[in-house]
1. Applying 1/(1 + (r/R0)^6) with R0 = 41 Å to the Cβ-Cβ distance of D49 and R438, what FRET efficiency is obtained, to the nearest 0.05?
2. Around T374, which amide H atoms from residues at least 5 apart in sequence, or from another chain, sit under 5 Å from its own amide H, with H modelled in the peptide plane?
3. Full extension from T306 to D112: what is 0.36 nm times the residue separation minus their Cα-Cα distance, to one decimal in nm?
4. Under 8 Å for C-alpha pairs, at least 6 residues apart: give me the relative contact order for the stretch 168-249, rounded to a whole percent.
5. Would you grab the residues whose amide H sits under 5 Å from the one on I344? Only those 5+ places off in sequence or on another chain, please, with H modelled 1.01 Å from N.
6. Which one, Y266, G419, M492, projects farthest toward the positive side of the charge dipole computed for the chain from Cβ point charges (K/R +1, D/E -1)?
7. Could you name the lysines in cross-link range of K227, using Cα to Cα under 19 Å and dropping any fewer than eight places away on the same chain?
8. Alpha carbons only, please: Rg and Dmax for the chain, in angstrom.
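The values are calculated or read from the model by the stated rules, or taken from the named source; none is laboratory data. Computed from a predicted model, the values in this text were never measured in an experiment. All Cβ positions, glycine included, derive from the backbone under ideal geometry; neighbour counts span all protein chains shown. Each accessible area value is taken on the protein alone, full model and side chains, heavy atoms only, with ligands, DNA and RNA left out. Shrake-Rupley method; radii C 1.70, N 1.55, O 1.52, S 1.80 Å.
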Amino acid sequence: MTDSPEQEYDPGDVAIIGMSLRAPGARTKEQFWDILVNGRETVSFLAKDDIHVDETLIHSPFYVRACGVLDTYDKFDPSVFGISDRMAAAMTPENRLFLESAWESLEDGGYDPDRLKAEIGMYGANNPQTAALYSSPPDRVSVGPEAIEASLAWSPDTMTSNALYYMGLTGEAVTVAAVCAGFHYSVHLACQSLLLGQSDMAIAGGSMVRLPHPRGHLWEENRILSKDGHCRPFDANGTGTALSSGVVTVLLKPLGHAVADRDHVYAVVRGSAVNNNGVSAMAYGLAQPERLSACIAAAMEVGGVTPDTVSMYEANGLGLPMTDELEVHAATMAFGKQTATTSIGGVKGNVGHGGVVSGGFGAIKAALSLYHKTLPATINLTEVNQDLDFPSTPFVPQIEGAAWEPEAGIRRAGITSIGGGGYNAHLLLEEAPAPAERAPEDAGRPRLATLSALDDDALGRQRTRLKEWLEANPGLRLDDVCFTLNLGRKVMARRWAAVVRSREELIAALSDDAARGAATTTAAAPRTDPGAFSRNDSGIVPAGRDHEALSDLAAAWVTGQQVDFDALHLGEAGRRVPLPTYPFQPRRFWRTDW
């Protein structure tokens, strides 16, 4: 490694350093990955009594009671953001979900918004129709000045600016309207901002809540919605997809900067491209092969990669033979003739079609596939559609899960998203570079680990989740864990700290039955003399790194004093690593009128 690691990487590469997802059946990206690798379908099939809308349609023989249900669509934890209950109820569900997801992505990347001195771009796509379906917009004349505040919560336009405001950040805020290609467009614009130097980091994503929720759909011949509620990508018997809801955000930073800042990298965005069919479309709303092909090829050209090195293609994959054939034809034109084989799959078989966030489901699937070096199976694919003529294409349907062993020696994935109205978008992801080698951890050295939350109940959940995470991830180094906890989490009122010498000691301290000697909490902290510590503008400067000095520091911190954690970790080799994010305690907020 040189002193300027940013020069070792292509200046156009952007790292994904944090991710957050909620999808049908999955509250976290880890649960989402479990769904994928175990080949589960999480689209729900509803009883008639569960559907409180569509009364005129529900008895139709063509009404399909299938829905990708998002169990937190109507819930929110406003206390973390200092939002009143009245304002929380006025916010649309998509605004609320995007805000929590953006927070989780930042924490997953190991960053505390209060300690960031950077411009953070915020890019997000939503469904403008949701605001009207949630409740009628306020009448400013009759409601008065209060409607101005309420309208900021109600408006789909302010979803990203709300996220910046309530997270205490500054930067660009762009809310994107690009229908089902919205997630990809958000990432594309965020990467441009980063590469132009307009933002230091960016959060990009999408939020979709199909209202009323939950509900089924009415099947029509040759439309994209499935006849039986199951999505069967590339299958001869496919009849379309089911609609679902969700939210996905990613935290982005130029790769060279991410390496220099010791960030955890899930995957790298090598290229992105967007276009529109315009007047060239065969039919408005359907993919136009030549235009989609040009979009896919442009993303690879931007990334400077050849098609034979892209060994995973995550398709838009609606599961309707006509649209699947158009997409496979377009992708084949972009990839051209090659000897390498590319796995092709579609996540809509698992979780349905999430509208503006559907491309996010595919992108997270691809990023996690790169991260875990695994290709999940495409489910509901039992009889490959012969009209797709896969043997004459570079693509091989991923019918079973497999280890990812690329012929080109590097793992790369392309993800396509297509939106009604002629929107095409493609992302090209690459596996993260191998981290630089470093010396083994200094075993037996005392370290300070900290946690905080709004109340003792949330603090208890923090401890439990971290304990379970450490037990499930035995490869985590203690210095990385402490570095991430101390520098990458917002400091709140109720606090817990422990001075430990090993992972095992930390796990024991996090347990409810842990001996009191290792840990101290706000509720039962020893007294400290505020005048006994040296200070600078960032707080108490650690007097040393031995057990006694760290114990004094822990006692001071849990009783509300500010600590300069940057000084504590100065000169250390710790890196940011994924750890459990804040345990939101969502409550139901809903309104039907203003």
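1. E(calc), rounded to 0.05, equals 0.10.
2. It is W404, by chain and number.
3. Answer, rounded to one decimal: 66.0 nm.
4. The normalised contact order for the stretch 168-249 reaches 24 percent.
5. The answer is Y313, V396, Q398.
6. Of the options given, the answer is M492.
7. Qualifying lysines at Cα under 19 Å: K48, K348.
8. Cα radius of gyration and Dmax of the chain are 24.7, 79 Å respectively.
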